1. May I ask you to say which residue of 51, 37 is at negative phi and open to solvent by 10 Å² or more (accessible area, probe 1.4 Å)?
2. Between a first residue in the stretch 42-60 that is part of a strand (DSSP E or B) and at pLDDT 95 or above and a second residue that is of a type in the set (Gly, Ala, Ser) and surrounded by 21 or more Cβ atoms within 10 Å (Cβ to Cβ), which pairs have beta carbons less than 6 Å apart while being 6 or more apart in sequence or on different chains?
3. Evaluate the following for residue 153: is it closer than 21 Å to residue 89 by Cβ, of a type in the set (Asp, Glu) and touching a helix residue (DSSP H, G or I) at 6+ places or on another chain (Cβ under 8 Å)?
4. So in the stretch 141-151, with the set limited to residues that are over 13 Å from residue 46 (Cβ atoms) and open to solvent by less than 40 Å² (accessible area, probe 1.4 Å), which one is nearest to the chain's Cα centre (by Cα)?
5. Considering only residues that are part of a loop (DSSP other than H, G, I, E, B) and touching a helix residue (DSSP H, G or I) at 6+ places or on another chain (Cβ under 9 Å), which ones fall in the stretch 110-134?
6. Those residues that are closer than 22 Å to residue 100 by Cα and free of Cβ contacts under 8 Å to residues at least 60 places away in the same chain, I need them from the stretch 139-164; list them, please.
7. Between a residue in the stretch 22-34 that is over 22 Å from residue 245 (Cα atoms) and any residue that is surrounded by 10 or more Cβ atoms within 10 Å (Cβ to Cβ), which pairs come within a Cβ distance under 8 Å, given they are 6 or more apart or on different chains?
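The values are calculated or read from the model by the stated rules, or taken from the named source; none is laboratory data. Quantities reported herein were computed from a predicted structural model and do not represent experimental measurements. Positions of Cβ are backbone-derived with ideal geometry, glycine not excepted, and every protein chain shown enters the neighbour counts. Areas reflect the complete protein model, heavy atoms only, side chains present, ligands, DNA and RNA absent. Shrake-Rupley method; radii C 1.70, N 1.55, O 1.52, S 1.80 Å.
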Amino acid sequence: MKNPSGDPTLSKPTEDFEIAVRLSHVRPLAKLRDKVDPKHAALIVVDMQNDFCAVGGMMSNEGFDISEVQRTASRLPALLAAARSAGVLVVFVRNVYSTSTELSSGQNRPANMYLSDSWLEQAARTRKGSYTRREVCAQGSWEGDFYGDIRPEPGEPVVTKHRYSAFHSTDLDSILRTHGIRTIILTGVATNVCVETTAREGFVRDYYVVLVADGTATYSADDQQATLRNIDRFFGEVTSISDLTSAWALVGTQQ
């Protein structure tokens, strides 16, 4: 999303930014092109898995409209190619929720590793059989596999999570710190659930957050817009694929 001037790389208001510079021990990054510089930016691909994107996956089975998710998925390969070409670190995030509904050997309860009582109660009230009667993103399953051709290339980190946030009890923060990352660029699904939760936690861990409006999707236009407003107001900057790739092109001309 562009600033009112139409230039996605302009600084924030000069007076406030200069005050921020004086207060900060590290000079803040004011321009989009500085935030997404490949030297310190990572493109995070959140939960592009069949259960969330494909016909026959969890969200489809629950009756959600997945058309916008699939339209967004069609745009991501070009964005991934641009990121890789620019030298941006690409990190894939995936869920593993269900482990097994079968009884453990010698035990009288299922071999459930990750789904807590509160999670299962929420599912029983609202999820129409997901997590209870149907496994979700089980390890090695079609449902948990990456959707279509949106998948990591050899050598790209894959972070496995068991909750909405990609930071919660994962090695994502260690991967980012090791690579000197200052900015997380968020794509994937669902905008108002796992993407937003990751954005919030990334911001409170002092990363710059850039959320790609047309590179993220959810199952309701109202939910999508609510998250975009909330992130832009409190947690980061909202941009578009076009503005992002233009910023990378600008960085390339300055090297």
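1. It is 37.
2. Sorted first by the residue in the stretch 42-60, then by its partner, the pairs are 43/83; 45/188; 46/188; 49/144.
3. yes
4. Checking each candidate, the answer is 144.
5. If the condition is that a residue be part of a loop (DSSP other than H, G, I, E, B) and touching a helix residue (DSSP H, G or I) at 6+ places or on another chain (Cβ under 9 Å), then 112, 115, 127, 128, 129, 131, 132 are the ones that fit.
6. Hits for the stretch 139-164 are 139, 140, 141, 163, 164.
7. Pairs that qualify, where the first residue is over 22 Å from residue 245 (Cα atoms) and the partner is surrounded by 10 or more Cβ atoms within 10 Å (Cβ to Cβ), are 27/21.
Yes or no, residue by residue, for (1) modelled with pLDDT of 90 or more; (2) more than 28 Å from the chain's Cα centre (by Cα); (3) of a type in the set (Phe, Trp, Tyr):
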{"site": "1", "(1), (2), (3)": "no, no, no"}
{"site": "4", "(1), (2), (3)": "no, no, no"}
{"site": "9", "(1), (2), (3)": "no, no, no"}
{"site": "16", "(1), (2), (3)": "yes, yes, no"}
{"site": "22", "(1), (2), (3)": "yes, yes, no"}
{"site": "27", "(1), (2), (3)": "yes, no, no"}
